[in-house]
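The values are calculated or read from the model by the stated rules, or taken from the named source; none is laboratory data. Not measured: the values here are computed from a predicted model. Here the Cβ positions follow ideal geometry from the backbone for every residue, glycine too, while neighbour counts run over all protein chains shown. Protein only, heavy atoms only, side chains kept; ligands, DNA and RNA dropped before computing areas. Shrake-Rupley method; radii C 1.70, N 1.55, O 1.52, S 1.80 Å.
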Amino acid sequence: MEATQTAETPVPRVALVTGASRGIGAEISQHLRQDGWLVIGTATTEAGAKHISRQLGSLNANASTSGQNSPPQGYGRVLDVRDSSAIDALIGSIEAEFGAVLLLVNNAGITRDGLLLRMKPEEWQDIIATHLNSVYYLSRRVLKGMTKVRFGRIISISSVVARMGNPGQTNYCAAKAGVEGFSRALAGEMGSRGITVNCVAPGMIETDMTDALNEAQRERMLERIPLNRLGTPADIAAAVCFLASERAGFITGTVLPVNGGMYLD
Ligand code: NAP
């Protein structure tokens, strides 16, 4: 069932979270929903989008998600963030159906690791397209709606390696450092319109992305983390919810590290 508005229902605060089918994006979506945002989460497949709708209560909604005091239902949609026309189409349809996107969380991500000497051009391009070009296309598109209401939040999920560097990840480190620079510049451009632009930089977080580590690599990582554990998606969701909230209204152009002390700068 799609969202309907009546005279009594307040204008929804619409959030778009890319890569919401699993890991950090799924957790961010749930937490934002609990905070009262109407969340549209994206996946690359129809099955993933349906899974998001189910998780956010709009598909097969049961009694516990449809009561009067329940958080707003959220919706899954298909998006490949490397496709700029798909971005235009998706945001156009969200605006028509729900209203302007007032919170954009750029979270979708992949890795294509390897030493630079052996890195193929497509491994470089795929990372830049997924992590950096997408942030340009998505941010530029949602700014139109945010500017009209003179409010907006753009939060991009960067990484500790943007500053720390990581051998075998030149492509990923370059893209994430690019996103941080982009956010600082855009914060300066949009501040006068009430739009804040920030990054959250996770350290090692338990998701599919880090499942690939073997025991020895995991142990080596833990030795570098003063808080002596990997982070959880909930640790990142808490930081995103804070930056999205009214309480963070005077914070812009910054990178909030959430890494257990793994890297201090
Ligand atoms: P994950 O569990 O592997 O999930 C990745 C998400 O991104 C999935 O929802 C996936 O959709 C989506 N995605 C991948 N390629 C996409 C594309 N071309 N277009 C649209 N969506 C796409 O990853 P994660 O660990 O939660 O990472 C989330 C973000 O945090 C990423 O930006 C990552 O770089 C960053 N990060 C993660 C860690 C960590 O330790 N995990 C550390 C630092 C930063 P499908 O399910 O449809 O494939």
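First compute the accessible area of region 32-140 with a 1.4 Å probe, then give the percent of it belonging to carbon and sulfur atoms. Ligands and nucleic acids excluded, carbon and sulfur give 50 percent.
The calculated pair-distance distribution of region 168-224 uses every alpha carbon pair, bins of 5 angstrom beginning at 0, and gives 4, 15, 17, 19, 15, 11, 9, 6, 4, 1 percent. Pair-distance distribution P(r) for the chain, from all Cα-Cα distances in 10 Å bins starting at 0: 7, 30, 37, 20, 6, 1, 0 percent.
Residue order by solvent-accessible surface for ASP208, ASP83 is ASP208, ASP83, largest first, with ligands and nucleic acids left out and a 1.4 Å probe.
Just reorder ASP80, ASP126, ASP265 by solvent-accessible area, largest first, 1.4 Å probe, all chains present. Walk me through the numbers on the way to the answer.
Working: ASP80 55, ASP126 30, ASP265 120 Å².
Largest to smallest exposure gives the sequence ASP265, ASP80, ASP126.
For the chain, the mean residue ellipticity at 222 nm estimated from helices alone is -12500 deg cm²/dmol, where every DSSP H run of n ≥ 4 contributes -39500 (n - 2.57) and the total is divided by all residues, rounded to the nearest 500. Dipole magnitude for region 183-231: about 300 debye, using +1 per Lys or Arg Cβ and -1 per Asp or Glu Cβ, origin at the Cα centre.
Sorting HIS51, HIS131 on solvent-accessible area from highest to lowest, probe radius 1.4 Å, gives HIS51, HIS131.
Hey, any idea what Rg/Rh is for region 16-152, computing Rh the Kirkwood way over Cα pairs? Could you put the intermediate results ahead of the total?
Details: Rg = 16.0 Å, Rh = 15.7 Å.
Checking Rg against Rh, the ratio lands at 1.02.
Solvent exposure of the chain amounts to 49 Å² per residue of accessible area, where only protein heavy atoms count and the probe is 1.4 Å. The calculated P(r) of region 137-242, using every Cα pair and 5 Å bins from 0, goes 2, 11, 18, 20, 18, 12, 8, 6, 3, 1, 0 in percent.
Averaging 1/r over every pair of different alpha carbons in region 95-154 and inverting the result gives a Kirkwood radius of 13.4 Å.
What's the longest bit of the chain with no exposed trypsin sites (Lys or Arg not before Pro), using DSSP loop states and at most 13 other Cβ atoms within 10 Å as the test? Don't jump to the answer; show the numbers that get you there.
Working: sites that count: ARG150, ARG229.
Longest run free of exposed loop sites: 1-149.
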